Every structure is written in C-alpha cells, then in structure tokens.
Amino acid sequence: DFIRQYVRDCLELGWSPQQISGRIRIVHPGCSINHEAIYQYIYHPQNPHRLEMITLLRRAHKKRRNKGIGRKVRKTKIPNRIPIDARPKSIENRNRYGHWEGDSMVSRKSKAALNTLTERKSRLLMITKLSRKGAAETNKAIIARLNKLPARGRQTLTLDNGTENAGHEQLSSKLGIKCYFAHPYSSWERGTNENLNGLIRWYLPKGTDFSKIAPEQIAQIEYLINSRPRKCLGYKTPLEVAASSVALRD
C-alpha cells in the first residue's frame, strides 16, 4: 500500500527509519508510522523484500533483536478475528464519522494501563485508565465510552493483535460495531491512533506509573489534545469536527 511504498522509496534514498517516521507527518498530514514499526516490517520473516530492504539500512545487520515482537504476541490467537483486508476501502478516505482505532498503553512500573480510542475522521481521542491490561477491563472501557454515541458514531473499530482484544465479539454484540484487526507488527495500519499515543506520551512520558495518575488528570489530557487545532482538519479541533459530524446524518 501507500505507506509501505513510501518506506521503501525513502530507504532507497538512504533515509533511516527515524527520518522516515518524522518526515511522513510533514509531507503527508494525517499519516504516521513509528520508526520501530518500520524496523519490524523490514525484518519480518514474511516480508518478501526482507533481505533487499535490510541492505538499505545504514547498519545492515542480517538479524535483529525482536524489541517489539515478544513471544506472547507471536503466540496470541484471537478467535474469529476479521483482518483489516476485509474492512471496506471507503473507510480509508475518512469521509464518514464513526470509524475508530484502538490500542493499549502500558506502564512498566505497575499493572495499570490506558485504553485509547481514536476516531479516524475527526481525530477525536478517548483515554480510559485501566487497573490492568486485560480483555475484561479493556472491553468494559470501550463499551462505556462508545456506548454513549449514536449507532452511526460507532460503526467500525480497528485493533491490534494483543490479548486484551480477544473479547472483540462481545464488543460487536454490545455496541453493534464491526471489529477488524491490523496485520501483526503493522502498527501503521492504525496510524491515527499511534500518532495520538505519541502525543499522550508528551504529557505522560515513558516511565510514568499510570497507577499514580488520577482519572481527573487523564480527562484533562484528553480534553487538551481534543482541543488542539489540527492542520489536517483545516485548523479545526477534533471536538469541533466530531460535534458537527455526529449532528449530521449519513
């Protein structure tokens, strides 16, 4: 797809994954990819261009430590998952409100975690503190947040392959939402969500113990991010775009 081709083209120019990650947000507003995700894609065993792309790296090591690919993730099997390939292509153009991306953020200092949800058209962000990153806790948070929206405001949800998303069928049943899953190690397929997770880290840097962060502080961070004017939204805020989108009928 577009982002994969962009990565390859930039690698051929001698760019590092960090440079590619930083530049794509400037030349293609609304698109983002974490540099670690680029490394994971390059070194993935199923990448048909793996060896060729490795040679384009400045340090062309044939093997790489799996920093972002833990054993638990590799072994994860989510029942009845629907791949992102089956998601309607019309969702890519961001013309309609109600298509979400979801993720989890963890704290190394405690079991506490954050569930984050991002709406693709408006870039609206929802952050919910969890006592732990479990499937039950994750589902409870998602249902509580999205259930407040009208049905047209919660049409699809794209997730990664973490075990906390194993209860996706319950989400579909409770919310009437269709859940799709990105390919393993392909965080750019949920780029909107990944981008805003990075913004959350500006307020809560890595190393922050989420168990010590009050829900009121989480709510304040959510409000500040949703109140920021965005160039990709014509300098409107996510709150403004979401409010106008929910008020309209598809």
Item to check | Qualifying positions in region 110-142 - of a type in the set (A, V, I, L, M, F, W, C) and under 17 Å from D209 (Cβ atoms) | outcome: A112, A113, L114, I127, L130
Item to check | Residues of region 10-29 that turn out to be buried (at least 16 other Cβ atoms within 10 Å of the Cβ) and either part of a helix (DSSP H, G or I) or within 16 Å of the chain's Cα centre (by Cα) (or both), as a count | outcome: 7
Next on the checklist: Considering only residues that are open to solvent by less than 50 Å² (accessible area, probe 1.4 Å), within 16 Å of I127 (Cβ to Cβ) and either in contact (Cβ under 8 Å) with a residue 12 or more places away in the chain or in contact with a Gly (Cβ under 9 Å, 6 or more places away or on another chain) (or both), which ones fall in region 210-250?
Outcome noted: F210, I213, I218, I221, E222, I225, N226, S227, P238, A242
Item to check | Where Y41 falls short, out of the listed (1) open to solvent by less than 30 Å² (accessible area, probe 1.4 Å); (2) at pLDDT 85 or above | outcome: (1)
Item to check | Criterion violated by A136 - all others in (1) surrounded by fewer than 16 Cβ atoms within 10 Å (Cβ to Cβ); (2) closer than 30 Å to S245 by Cβ; (3) at pLDDT 95 or above satisfied | outcome: (2)
Checklist outcome for this item: Filtering region 89-104 down to residues that are surrounded by fewer than 19 Cβ atoms within 10 Å (Cβ to Cβ) and touching a strand residue (DSSP E or B) at 6+ places or on another chain (Cβ under 8 Å) yields I91
Checklist entry - Counting just the residues of region 143-160 that are open to solvent by 50 Å² or more (accessible area, probe 1.4 Å) and among the small types (G, A, S), which one comes out farthest from the chain's Cα centre (by Cα)? => result A151
Checklist entry - When Y180 is evaluated against the numbered criteria (1) assigned to a helix (DSSP H, G or I); (2) farther than 30 Å from S110 by Cβ, which criterion, by number, is the only one it fails? => result (1)
Checklist entry - Can you tell which of K133, K121, K148 is touching a residue at least 40 places away in the same chain (Cβ under 8 Å), among the basic types (K, R) and in a loop (DSSP other than H, G, I, E, B)? => result K121
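The values are calculated or read from the model by the stated rules, or taken from the named source; none is laboratory data. Source: prediction; values computed, not measured. Counting neighbours? That spans all protein chains shown, and the Cβs are built from the backbone with ideal geometry, glycine included. The area values use the complete protein model at the heavy-atom level, side chains included, leaving out ligands, DNA and RNA. Shrake-Rupley method; radii C 1.70, N 1.55, O 1.52, S 1.80 Å.
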